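The values are calculated or read from the model by the stated rules, or taken from the named source; none is laboratory data. Being a predicted model, the structure only gives us computed values, none of them experimental. Ideal geometry is used to build each Cβ from the backbone, glycine not excepted, and the neighbour counts take in all protein chains shown. Just so you know, the surface numbers come from the protein's heavy atoms only, side chains and all, with ligands and any DNA or RNA stripped out. Shrake-Rupley method; radii C 1.70, N 1.55, O 1.52, S 1.80 Å.
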Amino acid sequence: MSTIAFIGLGNMGGPMAANLVKAGHVVRGADLSEASRDAAAAQGVSVSANAVDIVAGADVIITMLPNGKLVLNVWEQALPVAKKGALFIDSSTIDVDSARVAHRMAGEAGMAALDAPVSGGVGGAAAGTLTFMVGGAKEAFDAGKAVLDVMGGKIVHCGDAGAGQAAKICNNMILGISMIGVCEAFAMGEKLGLSHQALFDVASTSSGQCWSITSYCPVPGPVPTSPANNGYKPGFAVDLMLKDLKLSQDAASTSGAATPLGAAAAAIYERFAAAGFGGSDFSGIINFLRDGKH
Ligand code: NAD
């Protein structure tokens with residue numbers, strides 16, 4: 001069993017840390033928010049307000065924070081106090097460039113590092129069924145896999161430094177684009193007099209089939225668990241989708257990739273968020289498109 005320092009005990013980090021405790025690891029946690037600390041303490045995490053306090057002597061240090069700037073800040077403070085050879089894992093969704101800088105900083109300090117963003121949302125974090133997309137050296141991956149297995153259902157080694165973040169933003173760009181496509185089709189079907197169920201029955205088993213239809217259908221009825229049946233409560237909030245689409249656009253621009261549909265999806269979600277829907281589920285974009293406000 002390992003001693004794990006877990007920094008960022010929010011919606012995702014809290015339940016991830018709780019699963020590490022359940023698996024028998026010694027888990028120390030840090031978060032700026034008292035409410036997050038209290039919730040984690042109730043799950044058996046020993047908590048502190050200061051990230052640096054919990055790092056010394058830990059075998060594995062995990063960060064689960066809102067953005068790349070915060071991750072680099074925390075790693076910069078934590079690396080000098082960590083024990084030599086400790087494994088640093090960042091599971092936040094951040095830009096590929098910052099992920100590569102974090103790997104470089106860790107290497108210079110004599111530590112192993114992985115970027116290991118996740119998919120599966122708060123439900124997957126609680127159930128321990130997240131998908132981890134991992135970037136970093138094979139030895140670091142092998143060293144971290146047992147800990148990631150506790151929190152995840154599928155762990156994919158995507159390549160070297162930054163490859164996990166690259167996979168994450170490519171996947172979420174597909175999701176942002178496909179959800180808008182599915183919403184346009186359902187809204188047009190309504191105008192053509194087609195029932196939601198008929199379009200679902202056809203498209204979920206035909207060439208238009210995708211996750212945005214089969215698991216997350218944006219109209220009430222066909223998929224009872226989708227947020228459309230629950231007033232578009234997230235689920236996966238528009239602000240988080242917009243964050244990921246902006247990261248994909250940053251990556252497109254620095255890598256020289258052409259992503260015209262990714263750019264269009266980012267612009268549409270930006271207008272939806274600006275209209276006051278940043279906190280609703282991203283599949284609610286169907287109401288925006290249906291009203292012709294895009
Ligand atoms: P969150 O805002 O609920 O949690 C982030 C936590 O970090 C907060 O509790 C905050 O107080 C804490 N924090 C910020 N700065 C800190 C610091 N310097 N030291 C210690 N704690 C600090 O966010 P979340 O939903 O848990 O998401 C975390 C990351 O996971 C993000 O990068 C997000 O994009 C990604 N993600 C989220 C989801 C989701 O469905 N929520 C899904 C996949 C990936």
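Can you pull out the residues in region 1-33 that are near the ligand (Cβ under 8 Å from one of its atoms), outside any helix (DSSP H, G or I), out of contact with any Phe, Trp or Tyr (no Cβ under 8 Å at 6 or more places or on another chain) and small (Gly, Ala, Ser)?
Gly8, Gly10, Ser33
In the set Ser92, Ser48, Ser36, which member is more than 23 Å from the chain's Cα centre (by Cα) and within 11 Å of the ligand (Cβ to nearest atom)?
Only one candidate passes the filter, namely Ser48.
Among the residues that make up region 61-72, is at least one of them more than 13 Å from the ligand (Cβ to nearest atom) and at pLDDT 95 or above?
Within region 61-72, not a single residue is more than 13 Å from the ligand (Cβ to nearest atom) and at pLDDT 95 or above.
Taking region 237-257, which residues are open to solvent by 50 Å² or more (accessible area, probe 1.4 Å) and either in contact with a Leu (Cβ under 6 Å, 6 or more places away or on another chain) or within 11 Å of the ligand (Cβ to nearest atom) (or both)?
Matches in region 237-257: Asp239, Leu240, Lys243.
Report, by residue number, each residue of region 128-153 that is without any contact (Cβ under 8 Å) to a residue 24 or more places away in the chain and either under 14 Å from the mean Cα position of the chain (by Cα) or farther than 17 Å from Ala99 by Cα (or both).
Asp142, Lys145, Ala146, Asp149
So the check is Cβ under 6 Å with 6+ separation or different chains; which pairs have a first residue in region 205-234 that's β-branched (Val, Ile, Thr) and a second one that's part of a loop (DSSP other than H, G, I, E, B) and surrounded by 18 or more Cβ atoms within 10 Å (Cβ to Cβ)?
Val223/Cys217
Taking region 1-17 on its own, how many of its residues are over 23 Å from Gly68 (Cα atoms) and free of Cβ contacts under 8 Å to residues at least 60 places away in the same chain?
Result for region 1-17: 2.
Taking the condition open to solvent by 10 Å² or more (accessible area, probe 1.4 Å) and either within 20 Å of the chain's Cα centre (by Cα) or of a type in the set (A, V, I, L, M, F, W, C) (or both), does Met16 pass?
When the stated conditions are applied, Met16 does not pass them.
List the helices (runs of 4 or more DSSP H) that sit entirely inside region 95-157 and contain at least 1 residues that are open to solvent by 50 Å² or more (accessible area, probe 1.4 Å), under 17 Å from Met16 (Cα atoms) and not charged (D, E, K, R).
121-127, 138-151
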